[in-house]
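What follows is one structure encoded as structure tokens, with my remarks underneath.
The values are calculated or read from the model by the stated rules, or taken from the named source; none is laboratory data. Just so it is clear, the model here is predicted, and its values are computed rather than measured. Note that we place each Cβ from the backbone using ideal geometry, even for glycine, and neighbour counts take in every protein chain shown. Only protein heavy atoms, including side chains, enter the accessible area calculation; ligands, DNA and RNA are left aside. Shrake-Rupley method; radii C 1.70, N 1.55, O 1.52, S 1.80 Å.
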Amino acid sequence: MSSIPDIDDSTPLAAQLAEDTRRRLTLQGLQYPRPDKTRIVTVANQKGGVGKTTSTVNLAAAMAQGGLNVLVIDSDPQGNASTALGIDHRSGVPSIYDVLVEERPLGETVVQCPEFPNLLVVPATIDLSGAEIELVSLVSRETRLRRALDQYIEERENQGLSRLDYVFVDCPPSLGLLTVNAFVTGREVLIPIQCEYYALEGLSQLLKTIEMIQSHLNRELHVSTILLTMYDGRTNLAQQVVREVREHFGRQTLETSIPRSVRVSEAPSYGQTVVSYEPTSTGALAYRQAAFEMASKRQHDQ
Ligand SMILES: Nc1ncnc2c1ncn2[C@@H]1O[C@H](COP(=O)(O)OP(=O)(O)OP(=O)(O)O)[C@@H](O)[C@H]1O
Ligand SMILES: [Mg+2]
């Protein structure tokens, strides 16, 4: 293995370069550990624009790049995860809407991400924007996604297809029926928290909702992971948010936080994740490191 160069880290830029180099060398060619059984992770925060979609697609891409079999379910009518993964999601293409409202088998909506053959996607189209209301009058409206996913997993097993290691469900910024379906489906929740002033506002509402789902609909559900996003170490505020989050959620919060980075925000316009668009950029390395940390956590910590 190549040795880690001795880099002067007396300035923030030099320190960042040194950190990136260290990460790049440790992550090179690394195989990510497979979980004992499929981990189903709901990515949620009813606060908008905190990095739910960016984290979903980049963690998923990093895991796929690390050799794992991953499925991303886009459950947001905005369809941002589908865009970032380069998946057609024009109105009318088979999507999560058909699964939730028309009870179409999930397998009929799954497509392969062009960048990674072992990264599968269920897209969301604009049709989903009516689903919150359409679902209200349907039977078992909270458990539709779970049943569909359980069936798909069983189907894959019967067909002798490789087991999925991770399923990520990207939620819209609300606590409506789409998010409830995602909470009933997931066994664990990942909450991205943006390192800014209002970061913790609304968090107690989110945790209360998760507790309610846990006591009525899904005993297994728990917050396994908190990921700090859009971190800018130059501001005292960001450092303060990090301290506060770690104080309250020390066990769940990943050591690796995601820095604010231009590459991360421009990747979706190329229909790509930053992990495939520029794998050695600071943002991509941070997501790859975070994904590895998540995959390496001991089973009982999940
Ligand atoms: N680390 C980062 N550095 C720079 N920009 C980022 C970073 N993470 C996310 N962004 C940008 O911030 C915006 C919000 O991110 P994202 O769409 O992932 O949030 P979200 O929580 O999914 O939003 P919504 O609630 O609308 O679904 C996007 O424009 C995204 O490109
Ligand atoms: Mg989003």
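Being open to solvent by 10 Å² or more (accessible area, probe 1.4 Å) and assigned to a helix (DSSP H, G or I) is true for just one of Ala81, Ala61, Ala15. Which residue is that?
Ala15
Any chance the range 202-214 includes a residue that's open to solvent by less than 30 Å² (accessible area, probe 1.4 Å) and polar (S, T, N, Q)?
Yes.
Can you pull out every residue in the range 84-105 that is more than 16 Å from ligand 2 (Cβ to nearest atom) and either among the hydrophobic types (A, V, I, L, M, F, W, C) or buried (at least 24 other Cβ atoms within 10 Å of the Cβ) (or both)?
Within the range 84-105, Val93, Tyr97, Val99, Leu100, Val101 meet the criteria.
Assuming Leu227 fulfils every condition listed in (1) of a type in the set (A, V, I, L, M, F, W, C); (2) within 16 Å of ligand 2 (Cβ to nearest atom); (3) assigned to a helix (DSSP H, G or I) apart from one, which condition is it?
So the condition that Leu227 fails would be (3).
Could you tell me which residue of the range 244-287 is surrounded by the most Cβ atoms within 10 Å (Cβ to Cβ), considering only residues that are of a type in the set (S, T, N, Q) and in a helix (DSSP H, G or I)?
My answer is Ser276.
Determine the pairs where a residue that is over 10 Å from Thr53 (Cα atoms), located within the range 80-95, has a partner that is within 11 Å of ligand 2 (Cβ to nearest atom) and part of a loop (DSSP other than H, G, I, E, B) with Cβ atoms under 6 Å apart, the partner being 6 or more residues away or on another chain.
Once the first residue is over 10 Å from Thr53 (Cα atoms) and sits in the range 80-95, its partners that are within 11 Å of ligand 2 (Cβ to nearest atom) and part of a loop (DSSP other than H, G, I, E, B) give His89/Gly79; Ser95/Ala124.
Going by what's in this entry, would Asn158 be described as more than 16 Å from ligand 1 (Cβ to nearest atom) and open to solvent by 40 Å² or more (accessible area, probe 1.4 Å)? Outline the logic, then answer.
Details: more than 16 Å from ligand 1 (Cβ to nearest atom): yes; open to solvent by 40 Å² or more (accessible area, probe 1.4 Å): yes.
Taking the combined requirement at face value, the residue satisfies it.
Whether any residue in the range 68-86 is over 17 Å from Ala182 (Cα atoms), out of contact with any Gly (no Cβ under 8 Å at 6 or more places or on another chain) and small (Gly, Ala, Ser) is what I want to check.
Within the range 68-86, none of the residues are over 17 Å from Ala182 (Cα atoms), out of contact with any Gly (no Cβ under 8 Å at 6 or more places or on another chain) and small (Gly, Ala, Ser).
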